[in-house]
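Single-structure report; data block below.
The values are calculated or read from the model by the stated rules, or taken from the named source; none is laboratory data. Remember, predicted model here, so these are calculated numbers, not experimental data. Positions of Cβ are generated from backbone atoms using ideal geometry, with glycine treated the same way; all protein chains shown enter the neighbour counts. Only protein heavy atoms, including side chains, enter the accessible area calculation; ligands, DNA and RNA are left aside. Shrake-Rupley method; radii C 1.70, N 1.55, O 1.52, S 1.80 Å.
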Amino acid sequence: MRLSQYFLPTLKENPSEAQIVSHRLMLRAGMIRQSSAGIYSWLPMGLRVLRKIEQIVREEQDRAGCQELLMPTIQPAELWQQSGRYDDYGKEMLRIQDRHGRDMLYGPTNEEQITEIVKSEIQSYKDMPKMLYHIQWKFRDEVRPRFGIMRGREFLMKDAYSFDMDYESSKRAYNKMFVAYLRTYDRLGLKAIPMRADTGPIGGDLSHEFLVLAETGESGVFVHKDVLDFEIPSDDVDYESDLQPIVDKWTSLYAATDEKHDESAEAELGDQLLNARGIEVGHIFHFGTKYSEPMGATVTDQNGDEVALQMGSYGIGVSRLIGAIIEASHDDGGIIWPESVAPYKIGLINLKSGDADCDAACDKLYKDFNAAGIETLYDDTAERAGAKFNNMDLIGLPWQVVIGPRGLKNGMAEVKNRATGEKEEIAIDQLLAKFS
Ligand code: 5CA
């Protein structure tokens, strides 16, 4: 993409409405703009990052054997009356009526909708078990939407649902998601720690929240320091094998949010205890027959008996993750994207746009990078060099390739690593090999 043509409305000043760094930087880097409280438009740069995160989440769900579908954002109230949650959900639920006066709602989550689908389509144990997910917008009329997309009213969530014949099989599904979550956050460049959690309006008896440590996190967290060094399951983890040992390992040491913490257990840990703040980036629940029973989601087992399905649900805050990544990875100059989610890999800076040699060298590099599938944002504008550097630092692409008249005479470019700040001179004809 040529910056001269890109829709990237960056801001030089800090917007006064933003209280935390990720919100400030998302506004300044031209990623989002507020539409109304807690509701945002995603501008091209923001959307690119959102799509990359979504894709990593998708790949890890697929790897774990979860199948993607897509359910609507608008649901009939009737489904929620069947589960008993229509009244319980209170003011957080956005209730709407269609032209016929039918009660509808903008889904805050999809347990009811998916239970209805499975109930209608699956009758026999032969078609069990199933794990299904979608990545879809949700609406929750939060009392205090804040911190930009971190606590929005409209937000993008990956929600998965498991259906099993018995508790043991359901626990296996829970463990698959637990492992998939560890892998997902790791690929996003985040250290997320699973913690025992309250189940709130989703319900159930077994639940873990995944939290990323960050000073601006909304939850207090209390963690045994060694949890931070636990090994992430590799990409060849066999999801059909017994995953319980991995889950046991990750839950063997103390880790709790302020809602669940236990002061006497913490006192015993002494200086092994880390007391910090965290951002909840995922939440998994096992809740048995809480929805299947009232909604009549049963299947016939081997003996011809009707059995209510055992269920779990598994959420990842896809849009919130962008905020969490920025909170975890930035400096005074701006965002530092981990390569896996960076909107572009390279920011190509032409220090002297309009100079025939600089233009020719940059245009050629830009063409070669594109042909090789290396995502490049090419600053071909007439801005001053200093402004170009500041802008590239702000938007945080992992690599900056700088071409100026002086280096060009010797066939050299300057390459800067955004994360470390290290700069090196590299021959222009070797750049393609370096970044391929
Ligand atoms: N049905 C279950 C799991 S599918 C569920 O809704 N769980 S949840 O309420 O914990 O939400 C899942 C994840 O969505 C949370 O862990 C959080 O990362 C994200 N999330 C929840 N509320 C918001 C919000 N207001 N803004 C941004 N992300 C949110």
*So how do 101-109, 339-347, 207-215 stack up, highest first, on mean other-Cβ count within 10 Å?*
207-215, 339-347, 101-109
*Evaluate Rg over Rh across segment 186-312, taking Cα atoms for both radii and Kirkwood's formula for Rh.*
1.06
*Kindly provide the pair-distance distribution of segment 69-221 built from C-alpha pairs, with 5 Å bins from 0 and whole-percent values in order of increasing distance.*
2, 7, 14, 18, 22, 17, 12, 6, 3, 1
*So what are the radius of gyration and Dmax for the Cα set of the chain, in Å?*
24.5, 82
_Solvent-accessible area per residue, Å², over segment 133-275 with all protein chains present [probe radius 1.4 Å]_ = 44
*Extent of segment 135-260 along each principal axis, from alpha carbon coordinates, in Å, largest to smallest?*
43, 36, 27
*In the chain, what percent of the accessible surface is made up of carbon and sulfur (1.4 Å probe, ligands and nucleic acids excluded)?*
46
*Dipole magnitude of segment 1-95 about its Cα centre, charges +1 at Lys/Arg Cβ and -1 at Asp/Glu Cβ only, in debye to the nearest 20?*
600
_I'd like the accessible area for residue 305: 1.4 Å probe, protein heavy atoms, all chains in place, Å² to the nearest 10._
80
*Rank these residues by their accessible area, most exposed first, probe 1.4 Å: 249, 130.*
249, 130
*Starting from the Cα-Cα distance between residue 100 and residue 70, subtract it from 0.36 nm times their residue separation and give me the gain in nm to one decimal.*
8.3 nm
*Once the other residues with Cβ under 15 Å from the Cβ of residue 165 are scored (Lys, Arg +1; Asp, Glu -1), what is the net sum?*
-3
_Qualifying GluC sites (Glu not before Pro) in segment 220-279, DSSP loop, other Cβ atoms within 10 Å at most 14_ = 231, 240, 259
*asked:* Suppose all protein chains stay in the model; what accessible area per residue would a 1.4 Å probe give for segment 44-85, in Å²?
replied: 42
*Please give the per residue volume of the convex hull enclosing the alpha carbon atoms of segment 291-436, rounded to a whole number of Å³.*
177
*Putting +1 on Lys and Arg Cβ atoms and -1 on Asp and Glu Cβ atoms, find which of 115, 135, 4 reaches farthest to the positive end of the dipole of segment 1-135.*
4
